[in-house]
1. With point charges of +1 on the Cβ of Lys and Arg and -1 on the Cβ of Asp and Glu, referenced to the Cα centre of the protein assembly as shown, which listed residue (B:Met48, B:Gln224, B:Leu36) lies farthest in the positive direction of the dipole?
2. Could you work out the mean count of beta carbons from other protein chains within 10 Å of each residue's beta carbon in B:154-163?
3. What are the ³J(HN,Hα) values, in whole Hz, obtained from phi via the Karplus relation 6.51 cos²θ - 1.76 cosθ + 1.60 with θ = phi - 60°, for each residue of the range A:7-20 in sequence order, with x given for Gly and Pro?
4. With a 1.4 Å probe and all protein chains left in place, how much of the accessible area of the protein assembly as shown comes from carbon and sulfur atoms, in whole percent?
5. Based on alpha-carbon centroids, what's the gap between the range A:158-189 and the range A:43-66 in Å, whole number please?
6. For the range B:1-63, state which GluC sites (Glu not before Pro) are in a DSSP loop and have at most 13 other beta carbons lying within 10 Å of their beta carbon.
7. State to the nearest 20 debye the size of the charge dipole of chain A about its Cα centre, where the only charges are +1 on K and R beta carbons and -1 on D and E beta carbons.
8. Can you give the accessible area buried between chains A and B, summed over both chains, with a 1.4 Å probe, in Å² to the nearest 100?
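The values are calculated or read from the model by the stated rules, or taken from the named source; none is laboratory data. What you are looking at is a predicted structure, and each value in this text was computed from that prediction instead of being measured. Here the Cβ positions follow ideal geometry from the backbone for every residue, glycine too, while neighbour counts run over all protein chains shown. Accessible surface areas use protein heavy atoms only, side chains included; no ligands, DNA or RNA. Shrake-Rupley method; radii C 1.70, N 1.55, O 1.52, S 1.80 Å.
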Amino acid sequence: MHTDQYLILGLIQNDRAIIEKIYTLYVPKVIRFIESNNGSKDDAQDVVQEVLINLYNQAKTTSFTLTCPFDAYFFLLCKRKWLNTLGSSHYKKVTNLNENVSYDDTAYGQVEETEQFEYKQHIFNEALKSLGTKCKELLALSFVTKSLEEVAQKLNVTYAYVRKKKSLCTGELTKIIQSHRDYKTLTSI
Amino acid sequence: METSIFEQFENYLQGTMTAEEKQIFESMLNTDTKLLADFEAYKMTAKMLENHYSIAKKAFQETLHEVGKTHFNNPSKSRKTIKLNPKYFAVAAVFLLFFSLLIFNNQSFPSYEDYNQHPIATFVERGTQESEVLKAQQAFNNQEYQEAVNIFETLNLEENTEWRLYYAISLIETSAFDKAQEQLLTLSDTSFYYQNKSKWYMGLLFLKQNNHQESKKWLVQIDQEAEDYKAAQKLIKRLK
């Protein structure tokens, strides 16, 4: 684990001081890069936020361990995201870009892991959109309400029904994700 | 996959299995690679769901948004210089002036018509063909909004929140603003899933009435992760 791991921890703990530090130390380089590559400050803001939200998601849902300096890793993520944006208007699978960069293997490996996770998150988001309305409603309620008993009361059904439905809906969502054409090629974390 | 297997996955993850059940389940996972793969997939989905709806994540996004605003408010120091051939300077200057006025006007006066490309209605689910719902769906997708309104009013909107959303959009299109507002507020109260969508349409409802203040009031409430967040942010800038 790299000593910069505390930055990742700061993100998931919503530590404002650490988030400010990231913006002060690491974001200006990203802004300069994007502005010199057909982008605006707004574009840079979008890219930075997307990357940080993705890191948050990855750290929250997987056992994410930083093994390289945050500086190079963060810059590479933002740079690649910007170059991908320039290349197409929709999200596309990351392809290896041929660049003359002096990043060591660990930074690159970490970037690849993060981008793969981002794509998994994207598949999840798409699958959730296509889930039936009743399932969506139930899942939304069950994760937001304090207890499943309360959910049962709100929906005027039994607790046993909510429990069963929640697992069935999660299962259905899982099946949609597993049936995505790219699911098998993504390495498991 | 048997549907009951999902309940087993859930029970295992929640720790509600007995010691014996747990042992049996774990030995199944050890011997059945497909089951293990399905379980891992289910576990990941459950984690992503929890993260997707978490309040902690919303708080984080809020912090990012605030910190981003303060850091991005400093004007850029770099300036691009355009070299103009003195011969064509006058022409270029007039052209630039005209063009920038055009953009300025467009940017300053957003109109409802810029934003009324509605999502296609697809209520009719596989195998359950209710002819009135199908008619409403077709009317909506054909932009026959008054017709859609008439049919929606014969349906029981309690049955399906999606119908209510499209009813509300149809009411905006036919300028029945009070009714539309009522429907969007009910939608927001009864459907957690459509909260951001109803805010987006409240924004459009007021935009159509040229009430920029009210429109902005609703648009700023849209969550960062919502589908319409980026569009809302762009519209907010135009409404300033």
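1. Working it through, the farthest residue towards the positive pole turns out to be B:Gln224.
2. Rounded to a whole number, the mean comes out at 1.
3. With the stated coefficients, the range A:7-20 comes to 5, 5, 4, x, 5, 6, 8, 6, 7, 4, 4, 5, 5, 4 Hz.
4. C and S fraction of accessible area: 52 percent.
5. 23 Å
6. Filter output for the range B:1-63: B:Glu2.
7. Taking the Cα centre of chain A as origin, the dipole is about 980 debye.
8. Roughly 4600 Å².
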